[in-house]
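FYI, it's all coordinate maths here, none of it is from the lab. Since this is a predicted model, take the numbers as computed values, not measurements. Glycine also receives a Cβ, built like all others from the backbone with ideal geometry; neighbour counts cover every protein chain displayed.
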Amino acid sequence: MPEDDPRIRRTRERLRAAVLLLAGERDPESITVAEIARVAEVNRATVYAHYRDRDDLVLDAMEKAVGELAAQAARCPYREPGPVPAALVALFEHVGTRAPLYRRMLGPHGSARFCARLREVLAAELRVPFAAGSRPPGHDDVPPEIHAHYVAGALVGVVTSWLEERRPRPAEEIAAFVWSLVRS
């Protein structure tokens, strides 16, 4: 199938959105192709026309969610002083709007594979701007790759902790805490 066909992109987006919605409600392992098709408002054959199986679709949907989160992290101007960057607030807003999904994936009964993949993708996204010099000042003696992994691990840890709060703080507040820590 040609990946640049807008109909294919729209259908895959609907399928991924259905998976993420269902995964926010319960364990992704319990989601069926029939449920995904129903939520996406397509037939089961359409699911199989785009993906090998349910696991292939779930993995694609999770990769998309992780990619969006990592892209937000990479947009932060780490080297520039000043107030909390809008990109960092957007990162926490992104997580907040998908809190059930991220809580399920990062929580105590979540997937170690998802946590590891999130750290890996975050580090890869951060490595590029960090290697170009866009990282917190005072750490030029640390190789950019190690610095990227450090910040990625910290972000995953803070997101996980934030999602476990009984009454999660506003995205702006948690972003300000993270910015303070990253900048120190």
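Here the calculated FRET efficiency for THR46 and ASP140, from their Cβ-Cβ distance with R0 = 45 Å, stands at 0.30, rounded to the nearest 0.05. Assuming charge only on the beta carbon of Lys and Arg (+1) and of Asp and Glu (-1), the dipole of the stretch 54-183 about its Cα centre is about 320 debye to the nearest 20. For the pair ALA112 and ALA34, label points projected 7 Å from Cα toward Cβ lie 3.4 nm apart.
Based on the Cβ-Cβ distance from ALA71 to GLU173, what FRET efficiency comes out when R0 is 30 Å, to the nearest 0.05? Could you put the intermediate results ahead of the total?
Details: r = 22 Å, r/R0 = 0.75.
Calculated transfer efficiency: 0.85.
Against the chain, whose longest principal axis is taken from its Cα atoms, helix 112-131 shows a tilt of about 50°. From the coordinates of this entry, Rg and Dmax of the Cα atoms in Å is computed, and it appears in (i) 16.3, 48; (ii) 17.9, 55; (iii) 15.9, 52 under the label (ii).
Exposure proxy check: ASP4, ASP60, ASP55 ranked by fewest other beta carbons within 10 Å? Could the numbers behind the result be given before it?
Numbers: ASP4 7, ASP60 16, ASP55 11.
Fewest-to-most Cβ neighbours within 10 Å comes out as ASP4, ASP55, ASP60.
Once you reduce the stretch 154-184 and the stretch 23-72 to the center of their Cα atoms, the two points are 28 Å from each other. Nearest 0.05, what FRET efficiency do TYR150 and ARG10 give at R0 = 35 Å with Cβ-Cβ as r? About 0.35, to the nearest 0.05. The angle separating the long axis of helix 54-74 from the principal Cα axis of greatest extent in the chain is about 20 degrees. Report note on the peptides 18-29, 33-44: ranked by the mean count of other C-beta atoms within 10 Å, highest first, their order is 18-29, 33-44.
Counting only alpha carbon atoms, the long axis of helix 171-183 and the longest principal axis of the chain meet at about 50°.
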